[in-house]
Amino acid sequence: MKFTKMHGCGNDYVYVNLFEETVKDPAAVSKFVSDRHFGIGSDGLITIGPSELADFRMRIYNADGSEAEMCGNGIRCVAKYVYDHKLTDKTEITVETGAGVKTLELTVTDDKVESVRVDMGEPILEPEKIPVIADKTPVVDEPIIVGGKEWRMTCVSMGNPHAVVFVKNLADFEIEKTGPLFEKHERFPKRTNTEFCELISRNEVSMRVWERGSDETWACGTGTCATVMACILNGYTEDKVLVHLKGGDLVIEYDRAANHIFMTGPATEVFHGEIENSTMKCE
Ligand SMILES: N[C@H](CCC[C@H](N)C(=O)O)C(=O)O
């Protein structure tokens, strides 16, 4: 199986072009390739294939094999892959995802995609659609007991579930202790991604993320959008925010009139490779 290793702000995935390859058991392949000792090493697997609704179709599988509805860093890399590898010559493309069809604007330098602006669509705030067990819309500053402590969370879906928690001293935060407890908490019927955010100003924040199915990742595009929406719902920031992540920066803009969130950021291709299907023991 030929693959391309790419990342968005350090949120790295193994990409497979389904116009050329067949992946019979993507969940098993994702678990194998994601292993940073016995596999390739990644936060998961992303496939790029044909779509009847859009120019291309993206599917994303976490490191534990679970399929997610959407991937913000991933979709920017999909745009880079299809343009740089000449599957399209358009600088505005559409990609079908589990969270609907997304429109992307590509910024090209020397015939290579350098950055991408994604219309991530509407933030979903109704608890039953996130889903989270809570009795008000939006779920803002909501108490939750995690690890014997009371936290306050703001929950937003970008097609996938996010719980945003505001903290101080983010760099020292023990995310590996608290992240898994949020991820598997009973109030999240489909588990959740959890973002821990430290405010810097009304236009700048830092964020770390414990992802559903992939542990701490160095960035999360959907999680960054959810974080900025949470900041806005709590009155902490303006509608355009620079977000610092472990692996880089993203710019998020909430278009209030359209009720759409826009994400702008880089996409990087690191290397190509080939792995025998027999090696993966999951044809
Ligand atoms: N890293 C991705 C999100 C993956 C989400 C996945 N962990 C889930 O929702 O299960 C991003 O850049 O948006």
Cα-projected label distance for ASN169 with ASN259, points at 7 Å along beta-carbon direction, nm: 4.1 nm
Those lysines that a straight Cα-Cα span of less than 28 Å connects to LYS246, excepting residues fewer than 8 apart in one chain: LYS5, LYS31, LYS80, LYS102, LYS112, LYS149, LYS168, LYS177, LYS184, LYS190
Protein accessible area in the chain, 1.4 Å probe - carbon and sulfur %: 49 percent
Heavy-atom surface of the chain, accessible at 1.4 Å and reported per residue (Å²): 43 Å²
Cut-off 13 Å between beta-carbons: net charge of the residues surrounding GLU114, Lys and Arg +1, Asp and Glu -1: -1
Mean ellipticity per residue at 222 nm, deg cm²/dmol - from DSSP H runs of n ≥ 4 across the chain, formula -39500 (n - 2.57): -5000 deg cm²/dmol
Among 117-126, 144-153, the order from most to least packed when residues are scored by Cβ within 10 Å on average: 117-126, 144-153
Highest to lowest packing among 130-136, 9-15, 28-34, scored as the average C-beta count within 10 Å: 9-15, 28-34, 130-136
Burial ranking of peptide ranges 238-247, 256-265 (average Cβ count within 10 Å, highest at the top): 238-247, 256-265
Kyte-Doolittle at least 1.0, axis length at least 15 Å by Cα - qualifying DSSP helices, the chain: 221-233
Full-extension gain in nm, THR109 to ASP135, via 0.36 nm per residue minus C-alpha separation: 4.5 nm
Sparse-neighbourhood loop sites, trypsin sites (Lys or Arg not before Pro) in region 75-107 - DSSP loop, at most 16 other Cβ within 10 angstrom: LYS86, LYS90
Label-point gap, in nm, between LYS177 and THR88 - each point 7 angstrom along Cα→Cβ: 4.6 nm
Separation between Cα centres of region 38-59 and region 203-262, rounded to whole Å: 23 Å
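The values are calculated or read from the model by the stated rules, or taken from the named source; none is laboratory data. Note that the coordinates shown come from a computational prediction; the quantities given were computed from them, not determined experimentally. In this analysis, Cβ positions are derived from the backbone assuming ideal geometry, glycine residues included, and neighbour counts consider all displayed protein chains. The accessibility values were calculated without ligands, DNA or RNA, using every heavy atom of the protein model including side chains. Shrake-Rupley method; radii C 1.70, N 1.55, O 1.52, S 1.80 Å.
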